[in-house]
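Read the figures in this text as sums done on the coordinates, not as results from a lab. Since the structure is predicted, the reported quantities are computational estimates derived from the model, not experimental observations. Here the Cβ is made from the backbone with ideal geometry for all residues, glycine too, and neighbour counts use every protein chain on show.
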Amino acid sequence: MTLTPKNSGWIEVICGPMFSGKTEELIRRLVRAQIAKQKVAIFKPHTDNRFEEDFIVSHNQRKIKSIRVNKSEIILNYLNKADVFGIDEAQFFDPSIVKVCKELANSGKRVVVAGLEKDYLASSFGSMPELLVDAEYITKVNAICMSCGDPANYSHRISCEKKQVVVGETDKYEALCRRCYLKITEEAK
């Protein structure tokens, strides 16, 4: 049985590798809140320049209207305008995204956050570890390994860039299971 708070705010985190359905699940939850006539505000980081500027878009092209922001504190300007806050690609936000999510939840808001918990080197990514620590609910989703078909938990970069943040799709990344990821990274050494 899952308990749903009625008189307080909370944080839900959806995490996993690329191509695992994080944004799809975020959109699903936010649409359900809209159907329930709750006021929803949805945000994405300025660095997410894939797809459309004013929408978060899943890999299967499902989309929902969003607000693109370059600083996480801007989200607090909407505190009294919504009951539910959706935040996509949380790993790309500045470190104060954690403080923003806490403040929203402490103000009685439902906060639904989606993001990569680890980068292409399998290291923690941005503020996701802190958000996971603070969340009341965590949903970890897996992709399907693009090499063998097993459950995939790694985002392997197939392009040559070395920066931690490189925005891309199947042109730059593939989802891999543990065994295939370890095999490829060992071969690269």
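For LYS109, list the aspartates and glutamates whose Cα falls under 17 Å from its own Cα; do not include residues on the same chain fewer than 8 positions away. In chain and number order, the partners are GLU12, GLU73, ASP83, ASP88, ASP134, GLU136.
Using unit Cβ charges (K, R positive; D, E negative) and no other charged atoms, how large, in debye to the nearest 20, is the dipole of the chain about its Cα centre? Working shown, then result.
Working: 29 positive and 25 negative charges, 91 e Å.
Taking the Cα centre of the chain as origin, the dipole is about 440 debye.
In a Gaussian network model over the chain where Cα atoms closer than 10 Å are linked, find which of PRO95, PRO17, PRO45 has the largest mean-square fluctuation. Looking only at PRO95, PRO17, PRO45, the biggest GNM fluctuation is shown by PRO95.
Calculated FRET efficiency, LEU121 to GLU24, Cβ-Cβ distance, R0 = 25 Å: about 0.50 to the nearest 0.05.
Put in order of Cβ neighbour count within 10 Å, fewest first, the listed residues CYS15, CYS180, CYS160 become CYS160, CYS180, CYS15.
Panel order for THR47, THR23, by other beta carbons found within 10 Å of each beta carbon, from fewest to most: THR47, THR23. Within the shell of other residues whose beta carbon sits under 9 angstrom from the beta carbon of ILE27, the net charge comes to +1, with Lys and Arg scored +1 and Asp and Glu -1.
Projected onto their three principal axes, the Cα atoms of segment 142-189 cover extents of 27, 24, 14 Å, largest first.
Compute the length gained on full extension between GLU136 and ARG32: take 0.36 nm times their separation in residues and subtract their Cα-Cα distance, giving the result in nm to one decimal. Please list the in-between numbers first.
Values: separation 104, 0.36 × 104 = 37.44 nm, distance 1.91 nm.
Once the chain is fully extended between GLU136 and ARG32, it gains 35.5 nm.
Available extension along the chain between ILE158 and LEU79 is 24.5 nm, counting 0.36 nm per residue and deducting the alpha carbon span.
Remark: segment 79-179 carries a charge dipole of roughly 140 debye about the Cα centre, counting +1 on each Lys and Arg Cβ and -1 on each Asp and Glu Cβ.
The HN-Hα couplings worked out from phi for segment 72-78 by the Karplus form 6.51 cos²θ - 1.76 cosθ + 1.60 (θ = phi - 60°) are 5, 4, 4, 4, 5, 5, 9 Hz, whole numbers, x standing for Gly and Pro. Normalised by residue count, the chain yields a Cα convex hull volume of 124 Å³ per residue.
A simple spin-label model places pseudo-atoms 7 Å from Cα toward Cβ; at ASN7 and LYS65 they are separated by 3.5 nm.
Look at GLU117, GLU161, GLU136 and count the other Cβ atoms within 10 Å of each Cβ; fewest to most, that gives GLU161, GLU136, GLU117.
Hey, if you put +1 on the Cβ of every Lys and Arg and -1 on every Asp and Glu Cβ in the chain, which of ALA152, VAL167, VAL69 ends up farthest toward the positive end of that dipole? The Cα lying farthest towards the positive end belongs to VAL69. Using the Cβ-Cβ distance between ILE144 and GLU187 with R0 set to 22 Å, the FRET efficiency works out to roughly 0.55. Here's the picture: charge each Lys and Arg Cβ at +1 and each Asp and Glu Cβ at -1 in the chain, and of SER96, GLY126, LEU30 the one pushed furthest to the positive end of that dipole is LEU30. For a straight C-alpha distance cut-off of 16 angstrom, the lysines reachable from LYS102 (same-chain residues fewer than eight places away being disregarded) are LYS71. Which angle from 0 to 90°, rounded to the nearest 10, does the C-alpha axis of helix 22-35 make with the longest principal axis of the chain? Rounded to the nearest ten degrees, it is 20.
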